[in-house]
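Report on the following structure.
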Amino acid sequence: MKKNQMLFKVLSILCLLSLLAACAPAATPAPATQAPATQAPAATQAPAATEAPTAAPEPVTLTFLHWDDQTTRDQIKAVTDKYVALHPNVTFNFETMPGGADGDNIVKTRLATSEMTDIFFYNSGALLQALHPADTLVDISKEPFMTNVVESFIPTVTQEGKSFGVPFGPAMGGGILYNKKVYAKLGLSVPTTWAEFEANNEKIKAAGIAPVISTFGDTWTSQLFVLADYYNVEQSNSNFAADYTANKAKYATAPGAMNGFAYLDESFKKGWYQKDFATDKLDQGLKMLAEGTGAQYPMLTFALGNIATNYPKAANDIGFFGIPGTDASKAGATIWMPNAIYISKTSKNIDAAKEFLAFLTTNDAINAVMAAVPPTGPYLIKGIKLPDNVLAGVKDIAGYIDSGKTAPALEYLSPIKGPSLEQFCVSVGTGQMTPADAAAAYDKDVEKQAQQLGIPGW
Amino acid sequence: MKSDSRSQAVLLTYPNWFYFPAALVFGVFFLVPTLLAFYFSLTRWSLFDAKFIGLDNFKLFLSDPQLLSGLRNTMIYAVMTSGLKIIIALPLAMLLTSRIRLKGLFRGMIFFPVLVSTVAVGITFSTLMQPSIGVINTALGSIGLPTPDWLGNPRLAIFSVALVDVWKGIGLAMVIFIAGILSIPLEYFEAARLEGGTWVAFRHVILPLSRNATFTVILLSFIGGLRTFDLIWTMTHGGPGFASDVLTSVIYKEYQAGFYGLSTAGNVVLFILVTAIIYPLMRFFQGKELEL
């Protein structure tokens, strides 16, 4: 008898406890920054489009996950402030994540556990493909506002014929940012071949200035020599992207594909890097470039915006050129597509989110963004003209685009990007690995990724 | 007789059901995930679906060229941190059990780093170790000593991180030693005092009789060293390149890249490795344990 009573007590306590646990997430009143409870059934909860969005708008809160860097914050704040002014019923709740692989991880995990925010800001191209967008994101290919987006952008947010995002922020050039004042002082001109680049570097070094800035403390920055050289790779292998995706072209064997690794190696061996290149971070690199203690920085042109904000006096001292190749007449640049804003399938506010995405493709939205952060490249929305007073570096990119001497980076042409490229680049750039070994090891890395993605032919 | 009926009563009052809550927690948070991990290590897993591929993940993981250097670094790290902790913590513990002033303050100061979050320690030290303007090199430079690039030099990075680990872990090792020394009966010290003095006390009393504490410190810091991750990740991310990669950071990077099956296989390998090293070590130490 006594025993049974005891048992009853224990069981009832357990029941109470489990009840409490089950109630906790549901009882949380505000949807606010709390991700929806895990047990919420995925897409089925999305409300059917019942009422026209203009009729008596009900208050809506959109949760929004984005990267935590200053440029992203400023752009998103500008555009959402503008949107809220036009739609007072909408409130945004922001959550931030770090860039690079840590951020990728957060996005993947939250999507897989159905805990993603209503909308989020993320890469287009190969990194998007790894999110299984067809299963996790809302298809917006049939939405009327997609006709406002420049056609060349659409493939980078498309999988299995469905499109998922609208571009946000400008396209970027990947190549070399250089300090024009240093160039003028030393009487240098923009190199159109690698040999000219080498000659310039020796003169810069002789003047006591670091010719090439490198910031391996932020490992992703090490990849620019390899990734931004893709324009040149494509010049010598016109079919590289397709062959690479089909497991036919390799970095170790395709002509010229290994050059990016060789450039890292040469820069290290010839002492072109600044003293603390192994631990410096992006911000330190930009500081050196703006102050002219370093002359050239292999980088994406979004950094022009950071320089304009933090070193306004130097904003127009920074120019841009593509990674030099072998043929001066073909000198061109590699282009990075803008990142995009997507809607999660688990969102309960899909209609409100679509309306916001529609706004992002309007002139109003782009003007708000440009007012907050000076444009660092063209916006891929139809009918947008860059103002005449854009930064000098942006004019340089526009020059390449106008003359047709550009190629999209490989990650926009192929779904496969090996995840360890940055480590291989740092290994070569710190003299621990030869370019040939790194290229071969990177091919292995690519193979792993292709198998993980289940791409045919691997 | 009496005690027998008493234990009978205890058995009746506390039935096997009492195991249930603990078993539930253990099962849900430990047993089930562990068993699932063994299964997922045999699949190509994308979080959205899992395809069974047999032992391919293990083949891939073990053929990773970075694995060897990762293993080597892990061993260097584990041996170096546990060794240094003993060499430094034992004399400290002796000093701080002897009759000196401000004993409590010193104990507190040395124990303090144990209380600080490892990530905070990592971030702080990577700033202190900045090669040109960092505090450490500024200090070294001002007295004319060489100023190495602690975290940027591929040959040095793993040792720099290990030193920080020692700094952080010494407090705990010291406390264990202090407990060990205080549990030695005073008669031995009396005898040692008559025989010779401090050296005799150290060599013939403290060193042999605090063996249990020494074993505990070795085991704890060795296991900690084999599984170390947070400090390495915050200070070097396994870099430059792969230079300070340890097993856990190799696994983490695979997880980060989305190779969930592969990284789970790596964790299974780590589990087997830690068991294979620690189990015999533990048996050996247990055989030598002292009854005071």
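The values are calculated or read from the model by the stated rules, or taken from the named source; none is laboratory data. Keep in mind it's a predicted model, so treat the numbers as computed, not measured. Ideal geometry is used to build each Cβ from the backbone, glycine not excepted, and the neighbour counts take in all protein chains shown.
Does segment A:82-118 hold any residues that are of a type in the set (Ser, Thr, Tyr), under 27 Å from residue A:365 (Cα atoms) and either without any contact (Cβ under 8 Å) to a residue 24 or more places away in the chain or out of contact with any Pro (no Cβ under 8 Å at 6 or more places or on another chain) (or both), and which are they? Even if it seems obvious, please write down each step before you answer.
To start, the set of residues in segment A:82-118 that are of a type in the set (Ser, Thr, Tyr) comprises A:83, A:91, A:96, A:109, A:113-114, A:117.
Okay, now just the ones that are also under 27 Å from residue A:365 (Cα atoms), so A:83, A:91, A:96, A:117.
Of everything in segment A:82-118, those that are of a type in the set (Ser, Thr, Tyr), under 27 Å from residue A:365 (Cα atoms) and either without any contact (Cβ under 8 Å) to a residue 24 or more places away in the chain or out of contact with any Pro (no Cβ under 8 Å at 6 or more places or on another chain) (or both) turn out to be A:83, A:96, A:117.
Number of residues in segment A:244-277 that are within 12 Å of chain B (Cβ to nearest Cβ) and in contact with a helix residue (DSSP H, G or I) (Cβ under 8 Å, 6 or more places away or on another chain) equals 6.
Table: residues versus (1) of a type in the set (Asp, Glu); (2) under 19 Å from the mean Cα position of the chain (by Cα); (3) closer than 30 Å to residue A:269 by Cα.
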position	(1), (2), (3)
A:391	no, no, no
A:395	no, no, no
A:419	no, yes, yes
A:432	no, no, yes
A:437	yes, no, yes
A:455	no, no, no
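Given the criteria touching a residue at least 24 places away in the same chain (Cβ under 8 Å), buried (at least 19 other Cβ atoms within 10 Å of the Cβ) and part of a loop (DSSP other than H, G, I, E, B), does residue B:234 qualify? When the stated conditions are applied, residue B:234 does not pass them.
Residue A:430 - would you say it is on the phi < 0 side of the Ramachandran plot, touching a residue at least 24 places away in the same chain (Cβ under 8 Å) and more than 14 Å from chain B (Cβ to nearest Cβ)? The answer is no for residue A:430.
For segment B:104-128, taking the residues that are within 14 Å of another protein chain (Cβ to nearest Cβ) and hydrophobic (A, V, I, L, M, F, W, C), the one that is surrounded by the most Cβ atoms within 10 Å (Cβ to Cβ) is identified as B:125.
Could you list all residues from segment B:139-155 that are in a loop (DSSP other than H, G, I, E, B) and over 17 Å from residue B:244 (Cβ atoms)? Walk me through it before giving the result.
Filtering segment B:139-155 for residues in a loop (DSSP other than H, G, I, E, B) gives B:143-155.
Answer for segment B:139-155, where residues must be in a loop (DSSP other than H, G, I, E, B) and over 17 Å from residue B:244 (Cβ atoms): B:143, B:144, B:145, B:146, B:147.
In the condition set (1) more than 30 Å from residue B:151 (Cβ to Cβ); (2) of a type outside the set (Asp, Glu); (3) surrounded by 22 or more Cβ atoms within 10 Å (Cβ to Cβ), residue A:420 is compliant with all but (1). Test residue B:136 against the stated conditions and say whether it is closer than 26 Å to residue B:237 by Cα, over 16 Å from the mean Cα position of the chain (by Cα), part of a helix (DSSP H, G or I) and modelled with pLDDT of 90 or more. So residue B:136 fits the description; yes. The condition (being polar (S, T, N, Q) and in a loop (DSSP other than H, G, I, E, B)) is satisfied by just one residue among A:279, A:309: A:279.
Criterion applied to B:270, B:182, B:290, B:220 was being modelled with pLDDT of 85 or more and either within 14 Å of chain A (Cβ to nearest Cβ) or exposed (fewer than 15 other Cβ atoms within 10 Å of the Cβ) (or both), and the one residue passing it is B:182. Taken as a whole, the structure places residue A:372 among residues that are of a type outside the set (D, E, K, R), over 20 Å from residue A:150 (Cβ atoms) and at pLDDT below 90.
Just to be sure, is residue B:194 part of a helix (DSSP H, G or I), out of contact with any Asp or Glu (no Cβ under 6 Å at 6 or more places or on another chain) and surrounded by 15 or more Cβ atoms within 10 Å (Cβ to Cβ)? When the stated conditions are applied, residue B:194 does not pass them. If you check A:281, A:348 for being surrounded by fewer than 24 Cβ atoms within 10 Å (Cβ to Cβ) and touching an Asp or Glu at 6+ places or on another chain (Cβ under 6 Å), only one passes: A:281.
Every condition in (1) in a helix (DSSP H, G or I); (2) out of contact with any Asp or Glu (no Cβ under 8 Å at 6 or more places or on another chain) holds for residue A:358 except the one numbered (2). Is segment A:153-167 home to any residue that is modelled with pLDDT under 95, part of a strand (DSSP E or B) and surrounded by fewer than 17 Cβ atoms within 10 Å (Cβ to Cβ)? Yes: one or more hits.
Of the helices (runs of 4 or more DSSP H) that lie entirely inside segment A:79-151, those containing 2 or more residues that are of a type outside the set (D, E, K, R) and surrounded by fewer than 18 Cβ atoms within 10 Å (Cβ to Cβ) span A:100-112.
Among the numbered conditions (1) crowded, with 20+ Cβ neighbours inside 10 Å; (2) at the interface with chain B (Cβ under 10 Å from one of its Cβ atoms); (3) not in a helix (DSSP H, G or I), the only one that residue A:378 does not meet is (2).
I'd like the full set of residues that are assigned to a loop (DSSP other than H, G, I, E, B) and at the interface with another protein chain (Cβ under 10 Å from one of its Cβ atoms), limited to segment A:433-452. Steps first, please.
Keep residues of segment A:433-452 that are assigned to a loop (DSSP other than H, G, I, E, B), which gives A:433-434.
Answer for segment A:433-452, where residues must be assigned to a loop (DSSP other than H, G, I, E, B) and at the interface with another protein chain (Cβ under 10 Å from one of its Cβ atoms): just A:433.
I need the full set of residues from segment B:238-255 which are assigned to a loop (DSSP other than H, G, I, E, B) and more than 7 Å from chain A (Cβ to nearest Cβ), in order please.
Once the filter is applied, which keeps residues that are assigned to a loop (DSSP other than H, G, I, E, B) and more than 7 Å from chain A (Cβ to nearest Cβ), segment B:238-255 yields B:238, B:244, B:245, B:246.
Looking across segment B:241-292, the residues that are of a type in the set (Ser, Thr, Tyr) and either closer than 15 Å to residue B:222 by Cα or out of contact with any strand residue (DSSP E or B) (no Cβ under 6 Å at 6 or more places or on another chain) (or both) come down to B:244, B:248, B:249, B:252, B:255, B:263, B:264, B:275, B:279.
In segment B:129-138, the condition of being among the polar types (S, T, N, Q) and surrounded by fewer than 19 Cβ atoms within 10 Å (Cβ to Cβ) is met by at least one residue.
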